[in-house]
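Peer 1: For reference, the structure I am asking about is given below.
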Amino acid sequence: MKQQLMEIRENLYKSLPWSPMDFIQDISMEGDRKLYVNTLTRELSEEDDLRLIYEKDHVTLGVFCERLPWDSTFFGYNIAKLWGIFPLDPPEHRFDLDYSGAIEALLELANKQGIRYLFATIDPSDLSTLRVLGEAGFSLIETRVYYHRDITNYTWKERFPVRVATPDDIRSLGWAAQVMVNPFDRFHADPFIKKGDADRLMYKWVEASILEGFADITIVPDAPNPSAFCTVRSHQDKWSEWNRNISQVVLTAVSPKFKGWFRKILSEVHYYTREKMGAEHVLYGTQITNKPVIWVLESLGYKFGKCQHVLRKIIDFK
């Protein structure tokens, strides 16, 4: 499989119908495609590698799927992510292709490798993949939406007192992440995932963001025991390929005690990422149902970027 991946890289680069950040006008589409192809074809351990090449009726498909070791360890059962199914016959991407054989082959491989939970993040325009996942018994658990804005000249009418979170803040921030439940994110929306596990995950994400590098920075109100925050990834390792310095807000939560602080923290994130990290652009992902967050984003000048469907299937071992 490793040799095959090296051989199909160029075809995959040419045939991809989109790239993850292609909604940002000033980005290098070539660089973004290169980064995505490198992600899809990077080296994986044998245990984690669920990628395959499927051929039928003179059509060659690449199925890009991998086991997620961190997630699998945390939840106690094997979890895998399907990045996508892509034709490898450039230059045209066709949306009328039948992927049923490819998904059957993937499910068979996943079963052999002990995968219990298989989820996929799919672009709404990828009709062939959406059709076959529905036919194969995948359930829709989230519709994600991404907003973004240029921050090179960002100013706001007011500044707010914030600081970088420290290990002493983990307890109060973790509590906020657990109690401010978003019922529409994929972890809370999926009845298969136990509420206790989702709560543990929220706390762990906060802890790992501050201590283990899950985020590059966590911004909080400048107050004792803050229970409001935004975590940010700089993505600096991708800036040269993107030809655009884009950072991303990853996780936010605001407790009732700090009501109104989401807008304040996010506004200060713009200043911090620009002045301390060199960012030119900020990306924010949420659920399409999260109207309060979307209203705040629009009030701060964010623009709609793209949507993405998240689907999953529980695999019963045979």
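The values are calculated or read from the model by the stated rules, or taken from the named source; none is laboratory data. In this text the structure is predicted, and so the values were computed from the model without any measurement. Quick reminder, even Gly has a Cβ in these numbers, built from the backbone with ideal geometry, and neighbours come from all protein chains shown.
Peer 1: Restricting to the range 154-181, count the residues that are part of a helix (DSSP H, G or I) and either at positive phi or not small (Gly, Ala, Ser) (or both). Can you show your working first?
Peer 2: At the first step, the residues of the range 154-181 found to be part of a helix (DSSP H, G or I) are 167-179.
Subsequent filtering for residues that are either at positive phi or not small (Gly, Ala, Ser) (or both) retains 167-171, 173, 175, 178-179.
Number of matching residues: 9.
Peer 1: Which one of Asp32, Asp26 is assigned to a helix (DSSP H, G or I) and touching an Asp or Glu at 6+ places or on another chain (Cβ under 9 Å)? Give the derivation first.
Peer 2: Values: Asp26 fails: assigned to a helix (DSSP H, G or I).
Result of the check over Asp32, Asp26: Asp32.
Peer 1: Collect the residues in the range 181-233 that are within 21 Å of Thr143 (Cα to Cα), of a type outside the set (D, E, K, R) and in contact (Cβ under 8 Å) with a residue 60 or more places away in the chain, keeping them in residue-number order.
Peer 2: Residues satisfying the conditions are Asn182, Phe184, Phe192, Ile193, Leu201.
Peer 1: What is the one condition in (1) farther than 22 Å from Val179 by Cβ; (2) of a type in the set (Asp, Glu); (3) crowded, with 16+ Cβ neighbours inside 10 Å that Glu212 does not satisfy?
Peer 2: Unmet for Glu212, out of (1) farther than 22 Å from Val179 by Cβ; (2) of a type in the set (Asp, Glu); (3) crowded, with 16+ Cβ neighbours inside 10 Å: (3).
Peer 1: Continuing with this model, one more query. Which residues, counting only those in the range 124-171, are within 30 Å of Pro87 (Cα to Cα), surrounded by fewer than 16 Cβ atoms within 10 Å (Cβ to Cβ) and of a type in the set (Asp, Glu)?
Peer 2: Glu135
Peer 1: Another question, if that's okay. Limited to the range 86-107, what total is found for residues that are modelled with pLDDT under 95 and outside any loop (DSSP other than H, G, I, E, B)?
Peer 2: Counting residues in the range 86-107 that are modelled with pLDDT under 95 and outside any loop (DSSP other than H, G, I, E, B) gives 2.
Peer 1: Among the residues of the range 1-31, which ones are in contact with a Phe, Trp or Tyr (Cβ under 7 Å, 6 or more places away or on another chain) and under 25 Å from Leu52 (Cβ atoms)?
Peer 2: Once the filter is applied, which keeps residues that are in contact with a Phe, Trp or Tyr (Cβ under 7 Å, 6 or more places away or on another chain) and under 25 Å from Leu52 (Cβ atoms), the range 1-31 yields Leu12, Ser15, Leu16, Ser19, Pro20.
Peer 1: Picking from Thr121, Thr129, Thr39, Thr143, which residue would you name as being in contact (Cβ under 8 Å) with a residue 40 or more places away in the chain, β-branched (Val, Ile, Thr) and outside the structural domain of Lys14 (by TED's automatic domain parsing)? I'd like the intermediate steps shown before the answer.
Peer 2: On the way: Thr121 fails: outside the structural domain of Lys14 (by TED's automatic domain parsing); Thr129 fails: outside the structural domain of Lys14 (by TED's automatic domain parsing); Thr39 fails: outside the structural domain of Lys14 (by TED's automatic domain parsing).
Being in contact (Cβ under 8 Å) with a residue 40 or more places away in the chain, β-branched (Val, Ile, Thr) and outside the structural domain of Lys14 (by TED's automatic domain parsing) holds for just one of Thr121, Thr129, Thr39, Thr143, which is Thr143.
Peer 1: Taking the condition of a type in the set (Val, Ile, Thr) and under 16 Å from Val249 (Cβ atoms), does Val145 pass? Give the steps one after another, and end with the answer.
Peer 2: Working: of a type in the set (Val, Ile, Thr): yes; under 16 Å from Val249 (Cβ atoms): yes.
Answer is yes for this residue.
Peer 1: Within the range 221-239, track down each residue that is surrounded by fewer than 20 Cβ atoms within 10 Å (Cβ to Cβ) and among the hydrophobic types (A, V, I, L, M, F, W, C).
Peer 2: Ala223, Trp239
Peer 1: Within the range 248-271, is even one residue closer than 20 Å to Trp156 by Cα, hydrophobic (A, V, I, L, M, F, W, C) and surrounded by fewer than 21 Cβ atoms within 10 Å (Cβ to Cβ)?
Peer 2: Within the range 248-271, one or more residues are closer than 20 Å to Trp156 by Cα, hydrophobic (A, V, I, L, M, F, W, C) and surrounded by fewer than 21 Cβ atoms within 10 Å (Cβ to Cβ).
Peer 1: Take the range 52-77 and flag every residue that is under 24 Å from Leu130 (Cβ atoms), out of contact with any Asp or Glu (no Cβ under 7 Å at 6 or more places or on another chain) and surrounded by 19 or more Cβ atoms within 10 Å (Cβ to Cβ).
Peer 2: In the first step, residues of the range 52-77 are kept if they are under 24 Å from Leu130 (Cβ atoms); the result is 52-68, 71.
After this cut, where a residue has to be out of contact with any Asp or Glu (no Cβ under 7 Å at 6 or more places or on another chain) as well, the list is 52-58, 61-65, 68, 71.
If the condition is that a residue be under 24 Å from Leu130 (Cβ atoms), out of contact with any Asp or Glu (no Cβ under 7 Å at 6 or more places or on another chain) and surrounded by 19 or more Cβ atoms within 10 Å (Cβ to Cβ), then Leu61, Gly62, Val63, Phe64, Cys65 are the ones that fit.
Peer 1: Out of the residues in the range 156-185 meeting the condition of being touching a helix residue (DSSP H, G or I) at 6+ places or on another chain (Cβ under 9 Å) and of a type in the set (S, T, N, Q), tell me which one is nearest to Thr286 (Cα to Cα).
Peer 2: Looking at residues that are touching a helix residue (DSSP H, G or I) at 6+ places or on another chain (Cβ under 9 Å) and of a type in the set (S, T, N, Q), I get Asn182.
Peer 1: Being of a type in the set (A, V, I, L, M) and more than 21 Å from Phe75 (Cβ to Cβ) narrows it down to one of Val206, Val220, Val181, so name that one. Walk me through how you get there before you give the answer.
Peer 2: On the way: Val206 fails: more than 21 Å from Phe75 (Cβ to Cβ); Val181 fails: more than 21 Å from Phe75 (Cβ to Cβ).
The unique qualifying residue is Val220.
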